[in-house]
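Taking it in order: structure first as structure tokens, then the write-up.
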Amino acid sequence: MGDPRIPRGRPRDPRRVLHGLLTSPPERVADGVELLRGGLTRTMNVVLVDDPDGPGVVVFDTGEQGMAPAILDAGRARGGISRVVLGHGDTDHRGGAPGIAAAGGARGIPVLCHPDAVAQAEGSGGRDYWRPELLPPAVRRFHAVMHHVWDGGPVVIDGTVSGGDRVAGFEVVELPGHAPGLIGLWRERDRLALVSDAFYMTDMWGRPQDPALPLPAYNQDTEIARASLRTLAALDPLVVVPGHLGPLRGPDLRDRLERAADAPLG
């Protein structure tokens, strides 16, 4: 028997254990910017940015629904979440948003997106324009299940942001094509870009790959997506945080993005 004079440690909260299974601890990406990697394979990215306009942080994208408690914990550790900005309204990016918004009590935590993304964020989460019949049958079945795992359901949008607006020291950049109203956040002083799904670093099965355009099956318009990726490359970023895996870094980043924009899709 242990010495009764030595206080026993507090039992581990099973909820926090689960949060740890679904989401890795925050990792620093740049000044005032942290990345949370979620999902069992750690391929879902959520970014926390210090908010100079208020206490706490802005959350960019919300990954899958099971990440919401870990996002809230990470936000509380940095003074709370002032607002959520969705890069677009697809299921694996709005997934945690309903749970985060509800945690704000009667006032809620406001959720914003581009005006063109509102219908998807509040509605089907991308299902209106996806073409799963273009996918191999096994991938189609896999994604049909996983989108229900990822998605927290429709979320009420409290306001919108558009190209040229400022969010937590970043400029909103419009990068449509993969999804209606897809946006990125660009910080000129350190050439940092947060770009949601302007490109993919995972293949159809979620395995790592070089930067590439999203598959046509999940694009609203692939040629517009190509143009948006060229727009991103033209910013000449030094660090890019996509919606999955990454970040990408280095002086050759512009060339890599341009090659991805020009590459044919099978």
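The numbers here are math on the coordinates, done by the rules we state, and not lab data. Since the model is a prediction, treat every value here as computed from it, not as a measurement. FYI the Cβ positions are ideal-geometry reconstructions off the backbone, even for glycines, and counts take in every protein chain you see.
Data overview
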{"read-out": "Anisotropy class of segment 77-164 from Cα gyration tensor, a/c 1.5 cut", "value": "prolate"}
{"read-out": "Segment 232-247 - phi-based ³J(HN,Hα) in whole Hz, Karplus 6.51/-1.76/1.60, Gly and Pro as x", "value": "4, 4, 5, 5, 6, x, 9, 9, 10, 10, x, x, 9, 6, x, x"}
{"read-out": "Cα lying deepest toward the dipole's positive end in segment 31-153, options Gly87, Val47, Gly126, charges on Cβ", "value": "Gly126"}
{"read-out": "Estimated 222 nm signal from helices in the chain, with DSSP H stretches of n ≥ 4 weighted -39500 (n - 2.57), rounded to 500", "value": "-7500 deg cm²/dmol"}
{"read-out": "Per DSSP, loop trypsin sites (Lys or Arg not before Pro) in segment 18-84 with at most 15 further Cβ within 10 Å", "value": "Arg42"}
{"read-out": "Spin-label pair Asp53/Asp236, simplified geometry with 7 Å Cα→Cβ offset, distance in nm", "value": "2.9 nm"}
{"read-out": "Relative contact order of segment 14-262, defined on C-alpha pairs under 8 angstrom at six or more residues apart (%)", "value": "15 percent"}
{"read-out": "About the Cα centre, charge dipole magnitude for the chain (Lys/Arg +1, Asp/Glu -1 at Cβ), debye", "value": "1120 debye"}
{"read-out": "Sites matching trypsin sites (Lys or Arg not before Pro) across segment 113-155 that sit in DSSP coil, with at most 13 neighbouring C-beta atoms within 10 Å", "value": "Arg127"}
{"read-out": "For segment 85-157 and segment 169-211, distance of Cα centres in Å", "value": "16 Å"}
{"read-out": "Percent antiparallel among DSSP beta bridges (both partners in segment 14-262, rounded to 5)", "value": "70 percent"}
{"read-out": "Stretch gain in nm, segment Ile224-Gln209, where the contour uses 0.36 nm per residue and the Cα spacing is subtracted", "value": "3.2 nm"}
{"read-out": "Added length on full extension, which subtracts the Cα-Cα distance from 0.36 nm per residue, Glu122 to Ala77", "value": "13.3 nm"}
{"read-out": "Difference of contour (0.36 nm per residue) and Cα-Cα distance, Ser24 to Val139", "value": "38.8 nm"}
{"read-out": "Degrees between helix 253-262 axis and first principal axis of the chain (Cα, 0 to 90, nearest 10)", "value": "50 degrees"}
{"read-out": "Overall form of segment 14-262 per C-alpha gyration tensor (a/c, 1.5; a/b vs b/c)", "value": "rounded"}
{"read-out": "Per-pair calculated FRET efficiency, R0 = 35 Å: Asp262 and Met146 via Cβ, rounded to 0.05", "value": "0.75"}
